[in-house]
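Have a look at this one before I ask anything.
Just so it is clear, none of the values below were taken in a lab; they were calculated from the coordinates. Predicted, not measured: the structure shown is a model, and the values here were computed from it. We place every Cβ from the backbone using ideal geometry, glycine too, and count neighbours over all the protein chains shown.
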Amino acid sequence: MTTGQLLLLFAACLLLLAGTAYVIGRRRAEGIKAGGTFMNSQPGQYGQFAATWTAVPAIVAAFVGWVATLFGAEIISGKLIIAAAVAAAVVGLVWAVRQVDPELRARLGVERVITAALITASMVSILTTLGILLSIIFESIRFFGMVDFMHFVTGTEWNPDAAPEGSEELITKGFGSLPLFAGTFLITGIAMTVALPIGLLSAIYMSEYASPSVRSVSKPLLEILAGIPTVVYGFFAAITIAPIIVAVADKVGLQASYQAALAPGLVMGIMIIPFISSLSDDVINSVPESMRDGSLALGMTKSETIRHILIPAALPGIISATLLGVSRALGETMIVVMAAGLRPNLTWNPLEAVTTVTVRIVDALTGDQAFGTPETLAAFSLGLVLFVVTLILNIVSVSMVRRFKQQYA
Amino acid sequence: MDMTAEMTPERRAELDARVQRKLKKRYRAAKRFHFYCVGSLVLAISFLAFFFTDMISKGHSAFQQAHVQVDVDYAEKNLRFTKRAIAEDMHDIVSRGWLRDLRRVKKENPELVGTKAVAWALADDEVDQYLKGNKDLTGDDNTVEQKALAARIDALKADGKIKMKFNVGFFTNGDSKIPEMSGLWSAMVGSILVMVLTLLFSFPIGVMTAIYLEEFAPDNRLTQLIEININNLAAVPSILFGLLGLAIFINFFGVPRSSALAGGLTLGLMTLPVIIISTRAALRAVPDTIRQAAYGMGCTEWRTVRDHVLPLSMPGILTGTIIGIAQAMGETAPLLIIGMMAYIPEAPEGFLQAATVLPAQIFTWAGMPERAYVERTAAGILVLMSVLILMNASAVLLRKKFERRW
C-alpha cells in the first residue's frame, strides 16, 4: 500500500471510531441524565470527551511509530503502525466510555486537550525557525570542515570548480565569498538609492499633502508594486530594463553589460518602494498633531515643518523602514537570478555584471552536483550568513519602531 | 530697549525687503518640496503603468497562434512517418509538434485513416513569430532560405491559407520544448495542488496559533518568544525556506523532490506567519464585551472562542489567508531550491509526482533561447497577475462586505 492509501485508511478508521465514541458517550450521559441525576457537563460534552480520548491516543501512537521509522526502525511497517494506532483508539474508547459519570468533569477535560492542541500548533512556528537554523548550521559545519573559514570570509575569488577535489586538507582556494557580498551590497545599494527617496517622499505626500480621495487611490496602487511576484520583476529587469540601460549607456559612450548590476538594482528598488512608503506613512501619521500645529503656529511653512519637525520626529521609524528594505533586498532572489550575472566580480561599477549570494545559492542547489560536495554545502553557509544578517536587521528595525511608538504613545 | 523707535524709515524698508526676499525664497522651497513629493508618487505609479503596458504589449500576441491550411493525406503508411502526410514545401511551415501528433489520428479518429482532407494545422513558431512581427526574416542579416520562407508565408497569407486563431493550446497543453506546443496546463494544475496543500497546512495551524496567542496564552517568556519568533519568520528571506525544505523535508523526511507535497509544505511554513499575524489582528478587533457576555452565559473559554469570537473574526481571517495564499502563489525562489522547476509536459496526477507551478514555469520559459518563448513568458505573467489581482480583489471585497466596526 502507498503512503497515501495508508493515510486514508488511518483517517477513515479514526473518524469511524471517534464518531462511535461520541455517540456512545453521549447516549450513556443522556441515559444517566434521564434518570434525574444532576450532571457536571452536557451530554454532548461527554460525547466529545469520549471522542477526544479515542482520537488523541491513536494520533500519538501513529506519530510515534512514524518518527521511529524515520530514525531507522525498519521492522515497523505502515500496517503495523495503523494496527497499533487503532488498538490505542479502541483502548481509549473503552476507557473513556466507562469514565462517563455525573462526577466526571468532561468539559474541563475537553478544554485541556484543546488548549494542548493549540500550544502544539504554536510550536510549529518555533520548530520552523529551529528547522531553518539547524539545517543551515549542520551543513555549514560540514562545509567548514572542508573549507578554511578565514578563506571563506576574506578570500576574493569564488570559483568552486577550481577548488581541489578529494584532498584531505582544508580547501583554501575558490571559496572566497567577498565578491559575492560585494555584488549583493552593490545591488542593494542601487535598490535603496531608488526606493528610499521615492518611497519616503511618496509617503510624505500621501500623509501630509494628498486629499483623502487621492490617498485612497494611490495607496493601494503602490501596494500593487509589492504584490507583483519577484519572478515577474526578474523577467521585466532582464527583458525590458537591461536593454534600455545598454542602449542609454551606449548613447553616452559607456559600455554596459546586459547583466549590469543597475538593471536588477533599479527593479528591486521599485519593488521596495511600497515597503518604505507604507511603513514611513504609518510613523509619520503617528507623530502627534500638536507638533505640526506648534510648528505652523510659529510661522514655519509646511515643507519646513515636514523637514525640521516631522522627519526628525519620525526618524527612528524611517530608519527602521530602511533597514527592513535592506533586509528584503539582501534576501531577494528571483530578480538577481534572472537579471544579474553568474560570474563573481569585485567591482563598484554598476554597469558591469556582478553576482550575489542568493544567485550562487540557487546555482549551487539547482545544478547536477551531488549533495554533500563543498559547492552545495557552500550554499548553506551563504544561507547562514544571509539569515544572521537579515535577523539582525529585523531585530534592530523592530526595536526601533517599538521605541518610537513608546515615545509618542 | 526699543529698537523700532530708533529705526529710520530707510532702514525699515530695507529690513522689510529682506524679509520679503527671504519669505519668497522659503515659499519657493516649500513649493519645490511639494513638487518633489508629488513627483515621487507620480514616478512610482508610472513605473507600475509602464510595467503593465510593457507586459501586455509583449504578452498579448501569445493568446493568438498562427494556423496554416494544409492538405493532409491520412494514408496508413503516412501516419507512421507523418512528414509524408503533407506536401514537402510545407514542412518548415507546419509545426513539428502538430506533425508528431498526427500519429494519434489512428487511435482518436480511425474513420479518417486512408482519406485525404484539408486541415488547419498549427504553424511553426518561426512562421508565427514572423507573422506577429517579432522576428525579421527579410532583413539584410537573414539567409536566402529565410527570405524564401518569408516570401512563401506572405504568399500563403495572401491566399488566406494562414490565419490567426485563439491559442487554445496555451491553456490546455503542458510544457513543451516546441514553443508553439507549450502551454500552462501542467503548471496550473501544479499550482492548484501546491496551493491546496499550502492552505491545508498553514490555515489550521496558523489560526490555532493565533487563537492560542490571543485568547489563551499567559504573558510569559514562552509566549514572548513565540511572538518574536513569528515576527522574525515573517521577514526571513524566502530562499531560506527553500533551504529548510531541501534539508528537512526532502533530505531528512524523504519527501519526493519536485513534488507538490514538498512545495506545499515549504510554502505552508512560509505562509504561516502571514496567517498568524492577520488572524491575531482579526481576533483583537472583536470587543471584550462579546467574550464577557459568553462567559456570563456559562461558556467555557474554548466555546467562547469557537461559537462567538471566531465567527465574528472570520472575514478578517479569510482576508488575511487569501492574501497569504496569493503571496505564496507568486513565490518562486524556495521552489527552485526544492527542484520545482523541472520540465513537466504532463499535468501531475498526485501530490507525490513531480510538478511545476506557474511562477516556476515563467522562470523556465524566461530562460529559453527561442524568440517565441518571450511572448509566452509575458502571457504567462499576464495569466498569473490576473489570478493574483483577482484573489487580492476578492480579499478586499470580502473585508468591505463583512467587516464590522465595533
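Mind checking segment B:316-406 for GluC sites (Glu not before Pro) that DSSP puts in a loop (not H, G, I, E or B) and that have at most 15 other Cβ atoms within 10 Å? List each step's numbers first, then the result.
On the way: sites: B:331, B:346, B:349, B:370, B:375, B:403; in loops: B:331, B:346, B:349, B:370, B:403.
Hits after loop and neighbour filter: B:346, B:349, B:403.
Which loop trypsin sites (Lys or Arg not before Pro) in segment B:111-200, with loop taken from DSSP, have no more than 13 other Cβ atoms within 10 angstrom of their Cβ?
Values: sites: B:116, B:132, B:135, B:147, B:152, B:157, B:161, B:163, B:165, B:177; in loops: B:132, B:135, B:161, B:177.
Hits after loop and neighbour filter: B:177.
Continuing with this model, one more query. Using alpha-carbon positions, what is the distance between the centroids of segment A:348-409 and segment B:185-237, in Å?
22 Å
Separate question: To the nearest 0.05, what FRET efficiency results for residue A:94 and residue B:196 with a Förster distance of 30 Å applied to their C-beta separation?
Numbers: r = 37 Å, r/R0 = 1.23.
Here the calculated transfer efficiency is 0.25.
Sticking with this structure for a sec: Can you compute the modelled spin-label distance between residue B:295 and residue A:311, with each label point 7 Å from Cα toward Cβ, in nm?
Once both label points are built, they end up 4.9 nm from each other.
Another question, then. Quick one: if you take sqrt(5λ) for each eigenvalue of the C-alpha gyration tensor of the protein assembly as shown, what semi-axes come out, biggest first, whole angstrom?
Equivalent-ellipsoid dimensions as semi-axes: 48, 46, 28 Å.
Any chance you could tell me what percent of the C-alpha pair distances in segment B:68-107 go past 11 Å?
Summing the P(r) of segment B:68-107 above 11 Å gives 59 percent of all pairs.
Restrict the search to segment B:224-267; then list the chymotrypsin sites (Phe, Trp or Tyr not before Pro) that DSSP places in a loop and that have at most 14 other Cβ atoms within 10 Å of their Cβ.
On the way: sites: B:241, B:249, B:252, B:253; in loops: B:252, B:253.
Listed in order of number, the matching sites are B:252, B:253.
Could I ask something else about it? I want to check the label-to-label distance for residue A:150 and residue B:223. Put each point 7 Å from Cα in the C-beta direction and report it in nm to one decimal.
5.0 nm
In Å, the Kirkwood hydrodynamic radius of chain B over pairs of distinct alpha carbons? Show your work: numbers first, answer last.
On the way: mean 1/r = 0.0375 Å⁻¹.
That comes to 26.6 Å for chain B.
If I stretch the segment between residue B:371 and residue B:386 completely, what's the gain in nm (0.36 nm per residue apart, minus their alpha carbon distance), one decimal?
Values: separation 15, 0.36 × 15 = 5.40 nm, distance 2.37 nm.
The span from residue B:371 to residue B:386 would gain 3.0 nm if fully extended.
Additional query: Name the lysines eligible as straight-distance cross-link partners of residue B:25: C-alpha to C-alpha under 20 Å, and not fewer than 8 places from it in the same chain.
Within the straight-line cut-off, residue B:25 pairs with A:302.
Dipole magnitude of segment B:185-402 about its Cα centre, charges +1 at Lys/Arg Cβ and -1 at Asp/Glu Cβ only, in debye to the nearest 20?
Details: 12 positive and 12 negative charges, 61 e Å.
Once rounded to the nearest 20, the dipole reads 300 debye.
So, how do all the Cα-to-Cα distances of segment B:185-402 break down into 5 Å bins, in percent, from 0 on up?
1, 7, 13, 16, 16, 14, 11, 8, 5, 4, 2, 1, 0, 0, 0
Any idea what % of Cα-Cα pairs in segment B:157-210 are farther than 19 Å? All intermediate terms of the calculation are to be shown ahead of the outcome.
Details: 797 of 1431 pairs.
That tail contains 56 percent of the Cα-Cα pairs.
Count, for each residue of B:243-255, the Cβ atoms from other chains sitting within 10 Å of its Cβ, then give me the mean as a whole number.
Details: counts 14, 10, 3, 7, 10, 7, 2, 1, 4, 4, 2, 3, 0.
The mean count of partner-chain Cβ atoms within 10 Å per residue comes to 5.
What are the DSSP H helices in chain A that stretch 15 Å or more along their long axis, judged by alpha-carbon atoms, and whose average Kyte-Doolittle hydropathy comes to at least -0.5?
Values: long enough: A:3-34 (46 Å, 0.97); A:43-70 (41 Å, 0.95); A:78-99 (31 Å, 1.66); A:106-146 (59 Å, 1.43); A:178-204 (37 Å, 1.94); A:212-227 (23 Å, 0.51); A:262-285 (33 Å, 1.41); A:311-331 (30 Å, 1.38); A:374-408 (51 Å, 1.05).
Answer set is A:3-34, A:43-70, A:78-99, A:106-146, A:178-204, A:212-227, A:262-285, A:311-331, A:374-408.
Quick one: A:283, B:19, B:396, fewest Cβ neighbours within 10 Å first, how do they rank?
B:19, B:396, A:283
Figure the gain on full extension for residue B:165 and residue B:42 (residue separation times 0.36 nm, minus the Cα-Cα span) and round it to one decimal in nm. Intermediate results must be reported in sequence, preceding the final value.
Numbers: separation 123, 0.36 × 123 = 44.28 nm, distance 3.87 nm.
Extra length from residue B:165 to residue B:42 when fully extended: 40.4 nm.
What is the list of residues in segment B:249-266 whose amide nitrogen lies under 20 Å from a point 7 angstrom out from the Cα of residue A:67, following Cα to Cβ?
B:249-255
Could you list B:185, B:406 in order of exposure, starting from the residue whose Cβ has the fewest other Cβ atoms within 10 Å? Walk me through the numbers before you get to the answer.
Numbers: B:185 20, B:406 8.
Listed from fewest to most nearby Cβ atoms, that is B:406, B:185.
Distance in nm between label sites at residue A:120 and residue B:252, each 7 Å beyond Cα in the beta-carbon direction?
1.9 nm
Another question, then. Compute the separation of the alpha-carbon centres of segment B:100-123 and segment A:1-79 and state it in Å as a whole number.
Between the Cα centres of segment B:100-123 and segment A:1-79 lies a distance of 58 Å.
First obtain the Kirkwood hydrodynamic radius of segment A:332-409 from its Cα pairs, then insert it into the Stokes-Einstein equation at 20 °C and 1.002 mPa s, and state the resulting D in µm² per second as a whole number.
Numbers: Rh = 14.9 Å.
Reported coefficient: 144 µm²/s.
Would you calculate the convex hull of the Cα atoms in segment A:1-134 and tell me its volume per residue in Å³?
On the way: hull volume 14.5 nm³, N = 134.
Here the figure is 108 Å³ per residue.
At 0.36 nm per residue, and after removing the present C-alpha to C-alpha distance, how many nm does the segment from residue A:40 to residue A:133 gain when stretched out fully? Write out the running numbers ahead of the final one.
Values: separation 93, 0.36 × 93 = 33.48 nm, distance 4.76 nm.
So the chain would gain 28.7 nm between residue A:40 and residue A:133.
While we're looking at this one, here's another question. When a/c reaches 1.5 or more, the comparison of a/b and b/c decides; with that in mind, is segment B:181-303 rounded, prolate or oblate per its Cα gyration tensor?
Working: a/c = 2.85, a/b = 1.95, b/c = 1.46.
Since a/c reaches 1.5 and a/b is larger than b/c, the shape of segment B:181-303 is classed as prolate.
Pop the C-beta distance of residue B:91 and residue A:366 into the FRET formula with R0 = 30 Å and round what comes out to the nearest 0.05. Numbers along the way, then the final one.
Details: r = 36 Å, r/R0 = 1.22.
E between residue B:91 and residue A:366, to the nearest 0.05, is 0.25.
Okay, next question. Under 16 Å between alpha carbons, and skipping anything fewer than 8 positions from residue B:165 in its own chain: which lysines qualify?
Candidates past the 8-residue exclusion: B:132, B:157.
Starting from 0 in steps of 20 Å, tell me what percent of the Cα-Cα pairs of chain A lands in each bin.
19, 34, 32, 14, 1
Assuming a viscosity of 0.890 mPa s and a temperature of 25 °C, what translational diffusion coefficient in µm² per second does Stokes-Einstein assign to segment A:178-408, Rh being the Kirkwood radius over Cα pairs? Kindly include the intermediate steps, with their values, before the conclusion.
On the way: Rh = 19.1 Å.
The calculation lands on 128 µm²/s.
Follow-up question, since we're still on this one. Return the FRET efficiency for the residue pair residue A:408, residue B:84: r is the Cβ-Cβ distance, R0 is 60 Å, and the value is rounded to the nearest 0.05. Let's see the in-between values first.
Values: r = 82 Å, r/R0 = 1.36.
Between residue A:408 and residue B:84 the formula returns 0.15.
Calculate the length of the line joining the C-alpha centroid of segment B:11-70 to that of segment B:295-346, in whole Å.
38 Å
At q = 0.23 Å⁻¹, what log₁₀ I(q)/I(0) does segment B:64-166 have when each alpha carbon counts as one equal point scatterer in the Debye sum?
Debye output, listed in q order: -1.19.
I'm checking a number: the convex hull volume of the Cα atoms of segment B:276-350, normalised per residue, in Å³. What is it? Please report the intermediate quantities before stating the final value.
Values: hull volume 10.2 nm³, N = 75.
Cα convex hull per residue, to the nearest whole number: 136 Å³.
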